[in-house]
Amino acid sequence: MRYHKPFFSVLLMTTCSFMVLAQQGMPKDVAARGKTIYGAVCMACHQSDGGGVPRLNPPLSGSKTVNGPKDKLIPIVLNGMSGVEIEGESYGNVMASHADLKDQEIADVLNYVRNNFGNKASLVSAADVKKVRIKLKK
Amino acid sequence: MRILNFLTLAILLSSGTAGLAGEKKPVRSSKPMVSMEENGGITLPAGFQASILADELGRARHLAVNTNGDVYVKLDKLNEGRGILRLRDANGDGKAEDISGFGNYKGTGIAIKNGYLYASSNEQIFRYALDKTGVADPENPELIATGLWDRGAHSSKSITLDNAGNIYVNIGAPSNVCQVKDFTKGSPGINPCPLLDSSGGIWQFRVDVKGQSYNNGKRYATGLRNVVGLDWNAQVNDLFVMQHGRDMFFQHYPEMYSQQDGALNPSEEFFRIKPGSDCGWPYCYYDMNKKQKLMNPEYGGDRNKVGDCAGKTQSILQFPGHMAPDGLLFYTGTQFPEKYRNGAFIAFHGSWNRSPEPQEGYFVVYVPIKDGLPSGDWEVFANGFAQDLKDPRKARFRPCGLAQGPDGSLYISDDQKGRIWKVTYGK
């Protein structure tokens with residue numbers, strides 16, 4: 001992972017704006033927290049490489065939804081999902097709601113999946129999650 | 001010789017061999033049968049060999065062989081609009097030079113019995129009359145059963161037939177373990193489980209009655225979470241099924257099941273079914289470490305409590321967890337050596353719920369059977385399907401369906417890419 005290289009981190013901090021940082025990497029502690037949550041909550045179905053399971057659990061790797069707008073992705077974690085068809089493939093398993101995770105935990109794990117497995121997307125904050133949570137409750 | 005075969009095949013394919021009357025124009029896969037690898041990339045016991053009957057057909061699930069040797073494959077994703085493919089190897093070189101298709105529905109189940117081809121979508125069962133050329137009228141099958149639950153998970157409808165005019169279909173429960181909230185840590189199991197009224201079992205229908213459903217079918221067996229591999233054993237006149245066990249022991253109950261225990265449990269159970277059998281799901285599971293049927297933790301189990309599970313139908317053989325048995329076949333041919341007669345082949349599609357432990361399965365095993373019960377240890381028969389990595393997405397092939405040809409050859413299908421192997425002995 002590129003953002004783990006000290007050289008790259010220094011380069012980023014000295015030359016790039018916060019937006020670029022958000023786009024290309026995340027602090028090590030965020031990555032570690034996200035990885036821990038991924039291992040405990042997501043990995044069983046989505047697999048260690050984010051590849052998912054054909055016919056059952058959709059892949060996260062290269063997923064348009066995972067790499068897409070935060071306000072479309074966060075509700076999936078909060079509400080769960082089932083019986084979806086993605087790019088012509090049906091996935092049968094139920095994804096449980098993970099609304100029991102804290103806002104920061106959801107942000108951490110989404111940042112992990114949005115910046116691993118070949119994915120690259122903007123960072124999600126706890127405030128983003130909170131906003132969606134309030135909206136869903138209305 | 002192989003190069004010659006390949007050339008012949010290439011010429012045949014490029015000339016666009018027409019399907020026979022009644023069946024649609026040929027379906028051609030993008031890269032037809034160019035593999036030169038030994039045994040089509042799988043490993044077999046000494047004396048056996050495999051040819052690639054067809055390749056890259058798509059999601060090839062179960063398959064059935066007609067008395068004339070034609071192989072019918074059920075696809076779970078349409079290939080050029082076709083859900084059933086007929087593979088014909090007229091010159092007997094082990095490679096199908098004539099591939100045609102019909103049936104505009106996806107699904108898993110397919111079987112041939114007494115002059116009819118039976119095939120299933122995820123909610124219906126159809127049958128087609130066979131004549132000398134194959135399926136006589138592919139556009140107008142009879143509808144045998146309809147309205148069977150298709151609720152996303154475990155929706156495939158595997159089928160087998162007995163010798164008394166009955167067809168058996170699995171209706172999988174759309175659930176892991178019938179929790180109030182499916183796949184949710186801490187959510188209790190519902191008791192009694194309402195899903196069992198219409199799923200989680202095997203249903204029996206008559207072959208000669210049209211348009212049957214739950215109201216006139218019979219729930220032949222219950223307490224089966226999901227079955228994909230099933231077969232009628234004509235020697236003992238009983239139905240045998242392989243259950244896909246539940247998931248998420250380690251993820252939901254780490255205090256009771258270590259990561260290794262969660263990978264090994266529950267067993268993938270092999271059942272001999274009698275009318276009315278209750279195999280225990282969702283209340284019970286077979287614990288591979290404790291070697292007995294125990295209560296599931298969602299129903300109050302603590303890894304010691306047996307509860308009502310002692311009274312459930314007990315399995316005749318238990319395999320390690322999550323390997324996903326998708327094909328079951330009793331071998332009745334005489335081509336294979338004596339030890340294989342009347343035994344069971346089981347295709348294990350391969351696990352995913354063992355992660356982060358290494359995945360298992362992705363092979364075909366053989367179980368010696370005598371008088372309807374295992375008479376020795378099971379052994380891996382065909383292996384190497386996954387090639388480099390046993391992983392549900394990265395595996396090169398995943399074995400799914402099994403069928404026996406009229407000459408005693410064994411056919412194996414792969415639903416990752418759609419390769420079909422013809423396994424022969426001593427030829």
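Averaging the Cα positions of each part gives two centres, and for segment B:222-291 and segment B:349-384 these lie 14 Å apart. Within the accessible surface of chain B, defined with a 1.4 Å probe on protein heavy atoms only, the carbon and sulfur portion equals 50 percent.
A straight chain from A:THR36 to A:LEU136 at 0.36 nm per residue would run longer than the Cα-Cα distance by 33.4 nm.
Extension gain, B:GLN235 to B:VAL306: 0.36 nm times the residue separation minus the Cα-Cα distance gives 22.2 nm. The A-B contact accounts for approximately 1900 Å² of buried accessible area, totalled over both chains at a 1.4 Å probe radius. Interface burial in segment A:81-111, defined as at least 40 Å² less accessible area with all protein chains than with the chain alone at a 1.4 Å probe, covers A:GLU89, A:GLY92, A:ASN93, A:VAL94, A:ALA96. The loop-placed GluC sites (Glu not before Pro) in segment B:251-287, going by DSSP, that have at most 12 neighbouring Cβ atoms within 10 Å of their Cβ come out as B:GLU255. Largest GNM mean-square fluctuation among B:ILE412, B:ILE273, B:ILE110, using chain B with Cα springs under 10 Å: B:ILE273.
Solvent exposure of segment A:26-137, expressed per residue, is 46 Å² of accessible area, with all protein chains present and a 1.4 angstrom probe.
So with the 1.4 Å probe, I'd like the accessible area per residue for segment B:293-388, rounded to whole Å².
36
With both residues required to sit in segment B:3-425, DSSP beta bridges show an antiparallel share near 95%. The calculated FRET efficiency for B:ASP131 paired with B:ASP407, based on their beta-carbon distance and R0 = 25 Å, is about 0.70.
Can you give the calculated 222 nm mean residue ellipticity of chain B, where each DSSP H run of n ≥ 4 adds -39,500 (n - 2.57) and the sum is split over every residue, rounded to the nearest 500 deg cm²/dmol? Helices in chain B give a 222 nm mean residue ellipticity of -1500 deg cm²/dmol. Loop-located GluC sites (Glu not before Pro) in segment A:62-122 (DSSP state not H, G, I, E or B) with no more than 14 neighbouring Cβ atoms inside 10 Å: A:GLU87.
Report, in degrees rounded to the nearest 10, the 0 to 90 angle that the Cα long axis of helix B:2-14 makes with the longest principal axis of chain B. Roughly 80 degrees, rounded to the nearest 10.
Peptide B:169-176 is shielded by partner chain Cβ atoms: per residue, an average of 1 of them sit within 10 Å of its Cβ.
Are there GluC sites (Glu not before Pro) in segment B:74-164 that DSSP marks as loop and that have at most 15 other Cβ atoms within 10 Å, and which are they? Passing both the DSSP loop test and the Cβ count: B:GLU80, B:GLU139. The B:ILE316 and B:THR43 beta-carbon pair, evaluated with R₀ = 35 Å, returns a calculated FRET efficiency of approximately 0.80. Placing R0 at 35 angstrom, the Cβ-Cβ distance between A:GLN104 and B:LYS77 gives a FRET efficiency of 0.30 after rounding to 0.05.
Counting Cβ atoms of other protein chains within 10 Å of each Cβ in A:44-56 and taking the mean gives 6. Peptide packing: for B:304-316, A:46-58, the average count of neighbouring Cβ atoms within 10 Å per residue gives the ranking A:46-58, B:304-316, highest mean first.
Around the amide H of A:ASN119, modelled in the peptide plane, lie the amide H atoms of A:GLY62, all under 5 Å away and 5 or more residues distant in sequence or on another chain.
Going from the chain on its own to the full set of protein chains, segment B:334-368 has these residues losing 30 Å² or more of accessible surface (heavy atoms, 1.4 Å probe, no ligands, DNA or RNA): B:TRP352, B:SER355. Per-atom-type breakdown for segment A:26-137 gives carbon and sulfur 57% of the accessible area (1.4 Å probe, protein chains only).
The values are calculated or read from the model by the stated rules, or taken from the named source; none is laboratory data. All of these numbers come straight from a predicted model, not from anything done at the bench. For neighbour counting, all protein chains shown are included, and Cβ atoms are generated from backbone atoms with ideal geometry for every residue, glycine included. Areas reflect the complete protein model, heavy atoms only, side chains present, ligands, DNA and RNA absent. Shrake-Rupley method; radii C 1.70, N 1.55, O 1.52, S 1.80 Å.
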